[in-house]
1. In whole Å, what is the distance between the alpha-carbon centres of region 245-309 and region 352-387?
2. With unit charges on the beta carbons (Lys and Arg positive, Asp and Glu negative) and the dipole taken about the Cα centre of region 273-318, which residue among L275, L308, G286 sits farthest to the positive side?
3. Can you pull the semi-axes for region 224-305, root of five times each eigenvalue of the Cα gyration tensor, sorted largest first, whole Å?
4. I'd like the Karplus ³J(HN,Hα) series for region 342-356: coefficients 6.51, -1.76, 1.60, θ = phi - 60°, whole numbers in Hz, and an x wherever there's a Gly or Pro.
5. Could you give the distance between the Cα centres of region 227-244 and region 36-81, to the whole Å?
6. For the pair K88 and I327, how long in nm is the line joining their label points, each one 7 Å along Cα→Cβ?
7. Could you work out how far apart the two model spin labels at A49 and E104 are, taking each label as a point 7 Å from the Cα in the direction of the beta carbon, and quote it in nm?
8. What does the helix-only formula give at 222 nm for the chain: each DSSP H stretch with n ≥ 4 adding -39500 (n - 2.57), the total divided by the residues, and the result rounded to the nearest 500 deg cm²/dmol?
Amino acid sequence: MQCHYLSSIRSCLALAGLLLLSLPAAAGADTQIFPVPSVSTSRNDGNDAGLIAPILIADPDGELKYLMAPMLIQNSIVGTRGVFNLFKYDPGGRQMRFIASLTERIERKVLFDYVDPAFGNGQYSLNFGGTFFKNATSRFFGLGQATTQAAESNYTAREARAYWRLGLYANEVTQISVGQRVRQVQLQRGAIDLPFSVEQFPTVDGIQGESIIVGHRASFYYDTRDSLVSPTDGVAITAYAELNQNVKNGDHPVYSRYELEVKKLFPSESKRAILVVRADLQATIGSQVPFFEQSSLGGQNNLRGFGLDRYIDKHLIAFSIEERIHILRTKLAGVTADFEVAPFLDTGQVFNSFKDVSFQDYRMTPGLGFRAIVRPNVVGRVDYGYSREGGAVFAGLDFPY
């Protein structure tokens with residue numbers, strides 16, 4: 001399941017980033033500062049309005065080195081929020097992210113993440129980091145595909161996470177990795193005028209008390225794409241098996257999770273139009289698995305017409321297709337920026353057993369996305385997906401897949 005609160009910060013930053021890339025830049029400048037208004041809305045997190053001052057620092061060759069973005073945001077649910085974002089980009093794809101945020105009501109966040117895809121002179125990849133956050137706008141509708149909008153409830157997700165992953169390249173396009181993670185979760189009363197999830201669903205696993213998850217994962221990656229952040233061609237296959245222990249559960253502490261994801265890009269000859277197809281299969285095996293550790297549909301990366309984690313169950317099948325259409329290229333802030341529109345269609349279902357899979361249970365959400373890209377490091381996007389529950393708007397600093 002996704003980190004709800006991070007998506008809120010990324011939404012504001014991405015929307016402001018799209019405004020930033022629309023402004024004229026001083027020719028030849030290495031550092032550009034553009035105070036711009038930031039406005040966003042999302043199904044779960046409410047409405048944001050405020051100011052962001054992105055600072056872009058490029059090297060003499062015009063490659064983006066740093067993106068700093070202090071923000072002051074007024075949120076319709078949790079009040080005033082101050083945020084500082086720092087993104088550092090180095091040669092070879094190395095990236096560092098640091099985010100710190102303090103909000104008037106309930107919410108807090110600190111995040112650090114480091115990625116080096118060419119660690120050890122290119123023989124390994126390395127990723128490690130950690131975060132602590134309180135997200136006061138989390139939603140839970142119960143488990144299964146048949147849950148109704150009337151069952152919507154709210155809680156604050158209080159979480160601490162730490163993780164590391166080390167990958168070994170078998171060749172230029174194949175990698176095998178191992179990693180571990182620790183996740184501490186406790187549900188507290190939320191900030192929304194909805195029933196409290198702990199009171200509405202007291203018997204659901206993971207609702208009551210504290211959960212501490214220790215996970216051990218082995219992964220396989222096959223990736224021929226021409227860029228990790230802003231690809232235009234190739235295929236990516238990811239598969240993992242993960243053994244987990246809920247150390248707070250004495251009866252059934254051990255469970256496992258599995259995923260197979262395939263992404264394929266079909267560019268036109270000029271690469272001005274790129275068809276992207278994605279298929280995802282997830283499975284969770286075990287008893288008394290906390291609901292927040294199970295598969296979910298809804299949010300900025302799948303079934304974009306619904307709010308984050310709208311459907312939750314042990315297993316998941318999802319398909320997505322979108323056409324990324326180039327509409328403009330221009331020089332901004334000393335770097336080249338591309339703009340795209342992207343009509344898309346997402347579909348999928350969650351289920352408790354594979355015998356329950358039915359074509360009648362697939363949810364479908366068509367929509368349209370708008371993207372601003374500074375290759376090879378930065379992607380800003382806004383996506384609108386339509387659903388029978390009214391649709392949703394999402395933004396982020398990456399592609400959805």
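The values are calculated or read from the model by the stated rules, or taken from the named source; none is laboratory data. Since we're looking at a predicted model, the values are computed, not measured. Don't worry about glycine lacking a Cβ; one is built from the backbone with ideal geometry, like all the others, and counts go over all protein chains shown. SASA here: full protein model, heavy atoms, side chains in, ligands and nucleic acids out. Shrake-Rupley method; radii C 1.70, N 1.55, O 1.52, S 1.80 Å.
1. Their Cα centres are 12 Å away from one another.
2. Ranked along the dipole, the leading option is L275.
3. On the way: eigenvalues 250, 36, 16 Å².
After diagonalising the Cα gyration tensor, the semi-axes are 35, 13, 9 Å.
4. 8, x, 8, 9, 10, 8, x, 8, 10, 7, 8, 9, 5, 6, 8
5. Going from one Cα centre to the other spans 28 Å.
6. 3.6 nm
7. The modelled label-to-label distance comes out at 1.3 nm.
8. Working: 2 runs with 22 residues, N = 401.
Per the formula, -1500 deg cm²/dmol.
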